[in-house]
Amino acid sequence: MSNYTLAGPFTQVVTMSGLPMNGPIPDEKLQVIKNAGIWIRDERIVRIMDYDDLLHQAEREEAILIPIEEPAVALPGFTDAHTHICFAGSRARDYAMRNAGKTYLEIAEAGGGIWDTVRQTRAATPEQLASNTVRLAGEHLLRGTTTIEVKSGYGLNVAEELKMLRAIRQADRYTEADLVATCLAAHMKPKDYDGSETEYLQLIIRELFPQLRSERLTHRVDAFVEQSAFSPAAIATYFEAAREQGFDITVHADQFTTGGSKTAVEYGAVSADHLEASGETEINMLATSGTIAVALPGASMGLGCAYTPARKILDAGGTVAIATDHNPGSAPMGNLLTQAALLGTFQKLSNAEVLAGITFRAAHALRLQDRGTLAVGMLADIAVFNTADYREVLYHQGMMLPETVIKRGRKIKKL
Ligand code: NIG
Ligand code: FE
């Protein structure tokens, strides 16, 4: 079979290339190529040019065709840089209680909260966890998300964290999306652990970190830095160890109270995620650091909280990615396009800024340089929408589904 694939014709190819990693982006800066085809060799983009010319070449080379019905807009496949889609069970009770006015403490006393998902996840078999993850990844994929970060953090002891990370790796083999695993053993101090926070973290450093390396389960370490989870002081040695051992660091930061973003910047984290509570000091600190701000509008919607101050971070010269935080507790929706569009509405972000947040800026938050734009040499990860005007995509706030999704040059079959 030919190594070549031609996808098209596209009324518009929104390449997202040539745009800055930091700061605001006016829509006028978007590169939109009209009436084009995308020529692919194996998994990567070789050319984007006039469709009819490419069609002649396709005939000569016996290329595989991915025919597209016009009108059609091509966007880079989306990257969701923060999810917790490896879990078991539901937290519908938490949601109902929270909306009925119950407090965090009342919900926890009724057996809810993160610990509830830990219990349900521990009770699941590795196969069940992997198949749940594959199912949810498949739903994301059909909505145009071709790369998905997935955290552990519902195991909270060495064996159960390993179970989760192995399940994520297994899921990665079965889903056509690319999964990027992250170790979130520092999600909260497990309720069944008798020692101090520091002792728990030492145990993880000593017994889990070497396994992450030897089994190549992940190169990323996350922690929930928050009054209800780990303090900046408690997490310091944890991040020092992670940094020394060469892990990329990412932080659940400033979700309810500040402190996490400062820790993130101090340890050179690739990203600081949440930031709903960030004020001017944190915004300026992040904007002048190399740490990417990841907005999680799904958590704001799930909890009824403020949005991440994305507008201010961009205006201060920072970079903002947008992710779903898809998890059973605070962000059960998991619809990236809906959430990104609504963040844009509430934060006054241009189309270009929102699209950047779920494409090349999101890929950057995972340190992936081979995706996020439609350009020569990049992976052929493409979300195709049935419209002549790319602005329709965010305008429909996630209700317009891609008519075709291409992952690594292959058309994804609908479920
Ligand atoms: O990103 N903030 C902490 N952790 C998750 C929530 C996980 C859960 O509630 O199960 C978050 O929102
Ligand atoms: Fe999260």
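Structure data summary
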item: Wholly enclosed helices (runs of 4 or more DSSP H) of segment 321-382 bearing at least 1 residues under 30 Å from Met97 (Cα atoms); result: 336-347
item: Residues satisfying the stated conditions in segment 223-254, i.e. in a strand (DSSP E or B), touching a Ser or Thr at 6+ places or on another chain (Cβ under 9 Å) and within 13 Å of ligand 2 (Cβ to nearest atom); result: Ala223, Val225, Thr250, Val251, Ala253
item: Of all residues in segment 233-244 being surrounded by 15 or more Cβ atoms within 10 Å (Cβ to Cβ) and of a type outside the set (D, E, K, R), the one that is farthest from ligand 1 (Cβ to nearest atom); result: Ala241
item: Count of residues meeting criterion [more than 16 Å from ligand 1 (Cβ to nearest atom) and either crowded, with 22+ Cβ neighbours inside 10 Å or of a type in the set (A, V, I, L, M) (or both)] in segment 211-232; result: 3
item: Unique match (being under 17 Å from Arg361 (Cα atoms), surrounded by fewer than 24 Cβ atoms within 10 Å (Cβ to Cβ) and among the small types (Gly, Ala, Ser)) among Ala287, Ala272; result: Ala287
item: Top-ranked residue of segment 103-155 - restricted to ones that are more than 28 Å from Phe78 (Cβ to Cβ) and in contact with a Leu (Cβ under 9 Å, 6 or more places away or on another chain), ranked as farthest from ligand 2 (Cβ to nearest atom); result: Arg122
item: Selection count, segment 345-359, where residues are surrounded by fewer than 24 Cβ atoms within 10 Å (Cβ to Cβ) and not basic (Lys, Arg); result: 6
item: Any pair with Cβ under 6 angstrom, 6 or more apart, that starts in segment 193-215 at a residue that is modelled with pLDDT of 95 or more and ends at one that is assigned to a helix (DSSP H, G or I) and not aliphatic (A, V, I, L, M); result: Tyr193/Tyr200; Leu201/Tyr238; Leu208/Glu161
item: Test set (1) within 15 Å of ligand 2 (Cβ to nearest atom); (2) assigned to a helix (DSSP H, G or I) - Glu276 fails condition number; result: (2)
item: Residue that is farthest from Asp254 (Cα to Cα) [pool: residues in segment 165-222 that are of a type in the set (Gly, Ala, Ser) and not in a loop (DSSP other than H, G, I, E, B)]; result: Ser214
item: Residue in segment 304-318 that is part of a strand (DSSP E or B), closer than 21 Å to Lys151 by Cβ, in contact with a His (Cβ under 9 Å, 6 or more places away or on another chain) and within 16 Å of ligand 1 (Cβ to nearest atom) present; result: no
item: Restricting segment 79-107 to residues that are aliphatic (A, V, I, L, M) and surrounded by fewer than 14 Cβ atoms within 10 Å (Cβ to Cβ), the residue that is nearest to Ala253 (Cα to Cα); result: Leu105
item: Lone unmet requirement of (1) away from ligand 1 (no atom under 15 Å from the Cβ); (2) outside any helix (DSSP H, G or I); (3) of a type in the set (Val, Ile, Thr) for Thr257; result: (1)
item: Those strands (runs of 3 or more DSSP E) lying entirely in segment 25-137 with at least 1 residues at pLDDT 95 or above and under 22 Å from the mean Cα position of the chain (by Cα); result: 44-50, 73-76, 78-80
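The values are calculated or read from the model by the stated rules, or taken from the named source; none is laboratory data. Every value quoted in this text rests on a predicted model; they were computed, and no experiment measured them. No Cβ is skipped: glycine too gets one built from the backbone with ideal geometry, and neighbour counts run over all protein chains shown.
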